[in-house]
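The structure appears below as C-alpha cells.
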Amino acid sequence: MSTVIPQSELMRNAVSWVSEALAKPGASLAKLLGEAGMRFNLSPKEQEFLKDFFKDSQAN
C-alpha cells in the first residue's frame with residue numbers, strides 16, 4: 001500500500017533536497033530543478049516557483 005503525501009509536503013521536500021544538492025561543488029541549478037520536478041512530481045507552476053526561489057536566494 002502506498003502513502004499519499006500532500007503536495008505542500010512534496011514542495012517542502014523539493015526545496016530541502018535542492019538546497020542540500022546545491023551545497024555540493026559543481027552543482028547545476030538547472031539540472032537540479034529538472035530532477036526535483038520529476039522526483040517530487042511538481043507541477044510547472046511549482047517548478048517555476050522553485051526556480052524563482054533559488055534564483056532570488058542566490059542573488060542575495
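Quickly run through the range 16-35 and pick out the residues that are surrounded by 12 or more Cβ atoms within 10 Å (Cβ to Cβ) and in a loop (DSSP other than H, G, I, E, B).
If the condition is that a residue be surrounded by 12 or more Cβ atoms within 10 Å (Cβ to Cβ) and in a loop (DSSP other than H, G, I, E, B), then Ala27 is the only one that fits.
Is there a residue in the range 28-35 that is out of contact with any helix residue (DSSP H, G or I) (no Cβ under 6 Å at 6 or more places or on another chain) and either of a type in the set (Ser, Thr, Tyr) or at pLDDT below 90 (or both)?
Yes, some residue in the range 28-35 is out of contact with any helix residue (DSSP H, G or I) (no Cβ under 6 Å at 6 or more places or on another chain) and either of a type in the set (Ser, Thr, Tyr) or at pLDDT below 90 (or both).
Tally the residues that are assigned to a helix (DSSP H, G or I) and either of a type outside the set (Phe, Trp, Tyr) or loosely packed, with under 10 Cβ neighbours inside 10 Å (or both), restricting the search to the range 36-60.
17
The values are calculated or read from the model by the stated rules, or taken from the named source; none is laboratory data. These numbers were taken from a predicted model, which means no experiment stands behind them. All Cβ positions, even for glycine, are placed from backbone atoms using ideal geometry, and neighbour counts span all protein chains on display.
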